[in-house]
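Some notes on the structure that comes next.
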Amino acid sequence: MAARLNTSLQNTLSLLNPFNTLLTKKPFSSRNSFRFSKKLPSSPRRALYCTSSLESHENPDTFVLTTPLYYVNAPPHMGSAYTTIAADSIARFQRLLGKKVIFITGTDEHGEKIATSAAANGRNPSEHCDLISQSYRTLWKELDIAYDKFVRTTDPKHEAIVKEFYDRVFANGDIYRADYEGLYCVNCEEYKDEKELLENNCCPVHQMPCVARKEDNYFFALSKYQKPLEEVLSQNPRFVQPAYRLNEVQTWIKSGLRDFSISRALVDWGIPVPNDDKQTIYVWFDALLGYISALTEDNEQQNLDTAVSLGWPASLHLIGKDILRFHAVYWPAMLMSAGLNLPKMVFGHGFLTKDGMKMGKSLGNTLEPFELVQKFGPDAVRYFFIREVEFGNDGDYSEDRFIKIVNAHLANTIGNLLNRTLGLLKKNCESTLVVDSTVAAEGVPLKDTVEKLVEKARTNYESLSLSTACEAVLEIGNAGNAYMDQRAPWMLFKQGGVSAEAAAKDLVIILEVMRIIAVALSPIAPCLSLKIYSQLGFSNDQFNSITWDDTKWGELKEGQVMAQASPVFVRIELEAAEKDEEEKKKPKDSKKKGKAKVKVEQQPQTVTEA
Ligand code: MSP
């Protein structure tokens, strides 16, 4: 069935409001007070041209980043957690740079999909939303996600802003009423083009058939923004990241933008359309505004101008690639229509997959993040997904690989090195540093190596190459281990005299390396970094006030006393390999399903002498 749009009203619209008539910004208080200007006023013009930097033009010291607002049709899975872990790592890095960060996350709670899932669970929609929204907050806590704002699209403050935004767009002549007939994917909450569907009209993302729908809806005049969008992308190609996703967006735009319906007549669970309570606002036209409504305080008088003044435009929208069209095409056009500035960057990351298929609630092939974090702890989960999946690309999960990576990197390269060094320091120097780390490193090439790797980590964090940033930090650990092995301080201590003095200096050098690793890894594995800092004799407050400048060599001072050594990351012992072999030998019905057994090794990493 071909999608059919009654365009008569659209034609009227373009006559009434040809493209170059953008609204002047003030006053916005009533629809009648809008005036139209033939010239582009300065503010919207600025909105069309984004800078290539992630810093906000308006305030370079502020960094506003968002995750998508998650649907509450089901509790979070590892795919939803992935975006949030990445966002939290970026937010923590930006805080280290001294930026005022506003990290926004939240839940998307309206629409048919949510209402259906509430009913299926025997709850009313609002109870259902409270419950599932809370499960997101709980998971974020477990994963050490330090968000600044958690917005719910059912918040009254959000509703007020959506309505005001709708009024602005309407006043700009960009909303009209028409019939629509097409194929709808409820999971995407989107009408689909027949040509993008699989056999039996199946949605390629959710692998479920789309349903034929005919509705009388309000439409947003997206087609009017084709040229301005082309201009935005050609003037600021970094608006869409990674670069290879830009082509995709440009192709959509070039192939012609069709107006899209922004209301639903058949869905009660939503924000009523202003002046027509028989329709509710389409979930995307509602949820995207959460990025702005989140900026307000709960007890404030809510309006768009206040919200915008508190931090808009966002520096970075972090999203999965499946919702790129909404963020890189629909959203900028909506913002232009309302005379608001565009976000600086939209980054579309890849999918976590299982057997090559997107892990998701609709396909039911998810990985349980609560289980994972309880089993392995937040640092391991955060580290694995950031290190293992190149940010932007898809990545497959396997428990074997997970255990191998976190054991090798966190338990061995980092944890063991710290433990061995502190053990030697205790045994030979009463856990006290004999000299300043700057003095200890005089003429030692390791210091330069570390400085270069810190710089590599910083530039990669900045360009959102998070996996490479992790890799650089690990290389610092490798360099520290190589130094330890090459110098063999345990031997030098045995020789006594000048050799023992040199060995004591070596330990200071390695501990300084550990301190730098702790700072540089803190965006990804904050708990682990805090543990390292504590063992180096620093207080929690000292850790909490670190900045990226603390990656500079030289903060460990003579006389500083180290804390009692204990493993900062406990090695995970996998029994699965043996168990799986046993399982294979058992009759089918006695086999336990799926899960590998994991034993957390309680033995401390020992201070070895080689
Ligand atoms: N509610 C909309 C977003 C509105 S934003 C104003 C939505 N919600 S969602 O819960 O379906 O998805 C939220 C995010 O999770 C999306 O960025 C999506 O790409 C991401 N992921 C969902 N499954 C994923 C994987 N398997 N892997 C990685 N990310 C995935 O879309």
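The values are calculated or read from the model by the stated rules, or taken from the named source; none is laboratory data. For clarity, every value in this text was computed on a predicted model and none was experimentally measured. Counting neighbours? That spans all protein chains shown, and the Cβs are built from the backbone with ideal geometry, glycine included. Calculation scope for accessible area: heavy atoms of the full protein, side chains included, ligands and nucleic acids excluded. Shrake-Rupley method; radii C 1.70, N 1.55, O 1.52, S 1.80 Å.
Per-structure values
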read-out: Amide proton proximity set for residue 208, modelled H, under 5 Å, gap of 5+; value: 203
read-out: Relative contact order [Cα under 8 Å, 6+ residues apart], segment 386-561, whole percent; value: 30
read-out: Carbon + sulfur, % of accessible area of segment 242-358 - ligands and nucleic acids excluded, 1.4 Å; value: 48
read-out: Paired Rg and Dmax values of segment 386-561, which use every Cα atom, in angstrom; value: 16.4, 56
read-out: Gap separating the Cα centres of segment 126-193 and segment 223-247, nearest whole Å; value: 24
read-out: Solvent-accessible area per residue for segment 386-561 (1.4 angstrom probe, square angstrom); value: 38
read-out: Centre separation in Å (Cα based) which lies between segment 299-340 and segment 55-94; value: 14
read-out: Sequence ranges 192-203, 287-298, ranked by mean other-Cβ count within 10 angstrom, highest first; value: 287-298, 192-203
read-out: Average accessible area per residue (Å²) across segment 236-276 - probe 1.4 Å, nucleic acids and ligands excluded; value: 46
read-out: Packing-based order for 312-320, 267-275, using average beta carbon neighbours within 10 Å, highest first; value: 312-320, 267-275
